[in-house]
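Working notes, structure below.
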Number of protein chains: 2
Amino acid sequence: MAEDDTRVTRAPSIRDVARIAGVSHQTVSRVLNNHPSIRVETKARVQRVMDDLQYRPNRAARVLVTSRSRTIGVVAYQAAHYGPASSILAIEQAARAEGYFVNTVNLEATDPESIGQALGHLLDQAVEGLVILAPQVRVFETFDELNLSVPFVTLQSAGASRNTLSVDQVTGARLATRHLIDLGHRHIHHLAGPQDWIEAEARMHGFLTEMSDRDLPATAPILGDWSADFGYHAGRELLRVRDFTAIFSANDQMALGFIHAVREAGLDVPRDVSIAGFDDIPEAAHFWPPLTTVRQDFPELGRRAVALLLGRLSDDDRPEVGLVPDLVVRGSTAPPPF
Amino acid sequence: MAEDDTRVTRAPSIRDVARIAGVSHQTVSRVLNNHPSIRVETKARVQRVMDDLQYRPNRAARVLVTSRSRTIGVVAYQAAHYGPASSILAIEQAARAEGYFVNTVNLEATDPESIGQALGHLLDQAVEGLVILAPQVRVFETFDELNLSVPFVTLQSAGASRNTLSVDQVTGARLATRHLIDLGHRHIHHLAGPQDWIEAEARMHGFLTEMSDRDLPATAPILGDWSADFGYHAGRELLRVRDFTAIFSANDQMALGFIHAVREAGLDVPRDVSIAGFDDIPEAAHFWPPLTTVRQDFPELGRRAVALLLGRLSDDDRPEVGLVPDLVVRGSTAPPPF
DNA sequence: ACCAGTCATGTGCACGGTCACATCGCGTTC
DNA sequence: GAACGCGATGTGACCGTGCACATGACTGGT
């Protein structure tokens with residue numbers, strides 16, 4: 001019966017606001033985008049109506065006409081770990097503070113097909129920029145080949161290229177290695193990450209460089225998978241020969257597993273074996289013994305990625321310096337037994 | 001000069017495809033939404049043109065006209081931790097598999113204003129559903145008061161209401177407590193999580209219930225903040241009196257810190273003190289000693305949340321059963337010293 | 001042979017914003 | 001005092017898609 005009444009209460013549009021405020025829809029649009037030439041009085045009136053109606057601009061309509069989505073995409077891999085999770089969290093917060101939305105895709109695998117699919121998903125969203133947090137060689141290669149029309153920043157990729165941002169892994173690894181050498185260790189093994197991870201490669205490189213600079217023989221690194229499980233099994237293996245006095249592990253989890261193996265063998269850390277890790281996860285300070293490790297600032301990395309991306313988006317390009325990691329010395333390292 | 005040429009290469013639209021394929025835009029639309037009545041031949045032709053043009057449907061336009069965003073929002077708090085991070089990851093993957101997008105907002109604080117702001121951000125995106133992963137009493141209260149028009153599922157909220165999904169925390173806590181009691185412990189302290197966290201409350205409740213069922217005196221739980229740091233400091237405090245033989249910690253991190261304190265006091269786990277945790281983070285198996293803990297399946301929780309939400313969205317409601325946690329017995333628990 | 005029903009396809013409009021351009025009043029310049 | 005610039009506002013088209021409805025061809029029952 002009430003024919004002139006809007007049947008299903010539709011969300012108020014810019015025109016509804018305009019009608020009630022007694023202005024044109026364009027004036028409302030101007031208020032929304034705070035255009036300079038609007039009388040304060042008019043602006044206030046429109047604003048009041050918007051508040052009364054609890055008006056919310058329709059993003060889809062806006063995106064449609066401006067073709068700007070104000071969304072950035074994040075491509076992540078194995079992001080349940082502390083490091084990437086912290087970075088992603090920081091990315092979201094930083095982006096939101098700038099009025100951007102974040103859409104994350106978690107890769108299940110790193111083959112080109114999975115990547116293509118993930119990317120398609122993000123492109124459907126018309127993302128304006130991409131942060132890639134899947135630091136594997138093949139992932140980067142795939143992205144390079146894709147010739148994206150969207151600007152992107154890669155994290156943890158250890159390169160020095162323009163669109164890459166990372167903590168200086170090589171320096172971090174050298175810091176840890178140097179620390180062990182300075183303590184008097186001569187036989188140090190490196191528990192590396194998976195071969196195809198860029199960070200793993202960089203840390204390994206740092207380790208090997210430092211060793212050779214100090215004229216120490218470096219045995220072939222053991223290639224692991226980042227997990228505590230692997231560290232444990234590697235430890236059991238290595239302890240059968242025991243031709244080392246110190247271990248530099250490419251992350252804290254593997255270090256933890258290694259310590260487990262050492263203890264299980266009836267040996268002590270750091271009395272019999274010194275161990276240094278990488279990342280400084282919040283738990284590392286409470287390992288037994290507390291772990292000497294290399295700290296990197298994951299949230300800061302995320303924030304910078306957003307700054308770089310948004311800076312780039314607005315053609316306001318400034319070079320970013322690499323983040324420098326810190327060595328945190330705790331109880332897991334000591335001079336070797338003699 | 002080339003006047004009929006599209007100047008700035010605009011992305012191809014449904015009409016471009018239509019023109020080239022020699023059909024109407026509506027037919028293309030039908031192909032897109034695979035409408036039943038289309039000749040296979042026509043469909044194939046259109047599809048080919050779409051491929052040639054690398055046509056991608058414009059989501060904004062689609063959202064605008066259908067007012068369905070196919071996006072679900074996630075509200076998270078302290079999501080860098082293993083548990084929530086794993087759930088969120090699983091949510092994203094499950095949602096993507098269903099063609100949905102996920103937009104996560106990470107709360108910086110849990111006051112109503114922060115929540116309102118976060119929610120506004122998500123509503124701007126026209127989310128069709130919400131998963132709330134911020135298991136604090138005040139957060140839920142705020143959401144209840146908000147009277148959302150969007151369906152939402154709360155995770156980790158331990159209630160039995162219709163839109164709540166969680167691992168049965170009370171049962172988990174009782175399992176761990178019972179295990180300690182069965183080993184012969186009589187004086188057990190509970191290291192609880194922050195009072196306003198629903199999970200913390202539930203675990204505490206489970207602990208107290210089990211203790212009283214077995215006619216054992218329960219001392220007031222120590223209210224912590226989930227961190228290993230707190231566990232460590234609590235341990236140092238408690239060990240000065242040492243009126244207990246076992247500890248049930250509300251999460252693995254605090255358990256780790258506690259072990260640290262025990263060791264630092266020159267005591268042994270489990271010889272002098274038994275310790276059980278909660279969550280079974282991947283590192284727990286390699287603590288020293290490996291931690292007895294309660295495992296919960298975070299990814300499964302995330303997947304179910306999506307299923308529940310999408311099921312609800314399509315009015316295809318089926319009740320979900322609570323997830324049951326498992327007790328994983330490792331080396332950190334043993335009979336008490338006598 | 002006629003009408004109804006279905007299939008395959010086309011036509012025009014609506015969704016809710018923004019953009020380009022038009023309009024109008026008013027102060028300023030020569 | 002006519003031309004001009006500029007501030008404040010309005011008008012209509014357009015972004016890319018889906019929906020309601022229309023159309024025409026063909027099928028089948030009577």
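The values are calculated or read from the model by the stated rules, or taken from the named source; none is laboratory data. Quantities reported herein were computed from a predicted structural model and do not represent experimental measurements. When we count neighbours, we look across all protein chains shown, and the Cβ atoms used for this are built from the backbone with ideal geometry, even at glycine. Surface areas here come from the heavy atoms of the whole protein model, side chains and all, with no ligands, DNA or RNA. Shrake-Rupley method; radii C 1.70, N 1.55, O 1.52, S 1.80 Å.
Within the range B:158-173, can one find any residue that is crowded, with 24+ Cβ neighbours inside 10 Å and either under 27 Å from B:A265 (Cα atoms) or modelled with pLDDT of 95 or more (or both)? Yes, the range B:158-173 has at least one match. The test for being of a type in the set (A, V, I, L, M), more than 7 Å from chain A (Cβ to nearest Cβ) and open to solvent by less than 30 Å² (accessible area, probe 1.4 Å) holds for B:A95.
Among the conditions (1) within 24 Å of A:I198 (Cβ to Cβ); (2) crowded, with 23+ Cβ neighbours inside 10 Å; (3) within 14 Å of another protein chain (Cβ to nearest Cβ), A:G235 misses just one, which is (1).
Candidates are the residues of the range A:239-261 that are open to solvent by 30 Å² or more (accessible area, probe 1.4 Å) and assigned to a helix (DSSP H, G or I); the one that is nearest to the other protein chains (Cβ to nearest Cβ) is A:R240.
Restricting the range B:210-229 to residues that are farther than 30 Å from A:A284 by Cβ and not in a helix (DSSP H, G or I), the residue that is most open to solvent (accessible area, probe 1.4 Å) is B:D215. Going by the structure shown, is B:T154 surrounded by 24 or more Cβ atoms within 10 Å (Cβ to Cβ), at the interface with chain A (Cβ under 9 Å from one of its Cβ atoms) and in contact with a helix residue (DSSP H, G or I) (Cβ under 8 Å, 6 or more places away or on another chain)? It is false that B:T154 is surrounded by 24 or more Cβ atoms within 10 Å (Cβ to Cβ), at the interface with chain A (Cβ under 9 Å from one of its Cβ atoms) and in contact with a helix residue (DSSP H, G or I) (Cβ under 8 Å, 6 or more places away or on another chain). Of the residues B:A44, B:A18, B:A61, the single one that is within 16 Å of DNA strand D (Cβ to nearest atom), more than 9 Å from chain A (Cβ to nearest Cβ), among the small types (G, A, S) and more than 30 Å from A:G83 (Cα to Cα) is B:A18.
Set side by side, the residues B:V75, B:V40, B:V17 differ, and just one is surrounded by 21 or more Cβ atoms within 10 Å (Cβ to Cβ) and within 12 Å of DNA strand C (Cβ to nearest atom), which is B:V17.
The set of residues in the range B:285-296 being of a type in the set (A, V, I, L, M) and crowded, with 24+ Cβ neighbours inside 10 Å consists of B:L291, B:V294. Here A:S87, A:S69 are screened, and the one residue that is open to solvent by less than 10 Å² (accessible area, probe 1.4 Å) and within 16 Å of DNA strand C (Cβ to nearest atom) is A:S69. Annotation for the range A:78-92: no member residue is on the phi < 0 side of the Ramachandran plot and more than 10 Å from chain B (Cβ to nearest Cβ).
Evaluate the following for B:E113: is it among the acidic types (D, E), more than 14 Å from chain A (Cβ to nearest Cβ) and open to solvent by less than 50 Å² (accessible area, probe 1.4 Å)? Spelling it out, it is not the case that B:E113 is among the acidic types (D, E), more than 14 Å from chain A (Cβ to nearest Cβ) and open to solvent by less than 50 Å² (accessible area, probe 1.4 Å). A count restricted to the range A:178-209 and to residues that are in a helix (DSSP H, G or I), open to solvent by less than 60 Å² (accessible area, probe 1.4 Å), under 24 Å from A:L155 (Cα atoms) and not aromatic (F, W, Y) stands at 8. Only residues that are without any contact (Cβ under 8 Å) to a residue 60 or more places away in the chain and either within 14 Å of chain B (Cβ to nearest Cβ) or open to solvent by 10 Å² or more (accessible area, probe 1.4 Å) (or both) were counted across the range A:123-143, and they come to 10.
Taking each residue of the range B:268-284 that is within 12 Å of chain A (Cβ to nearest Cβ) and looking for partners that are surrounded by fewer than 23 Cβ atoms within 10 Å (Cβ to Cβ) and in a loop (DSSP other than H, G, I, E, B) with beta-carbon atoms closer than 6 Å, six or more apart or interchain, yields B:V269/B:P289.
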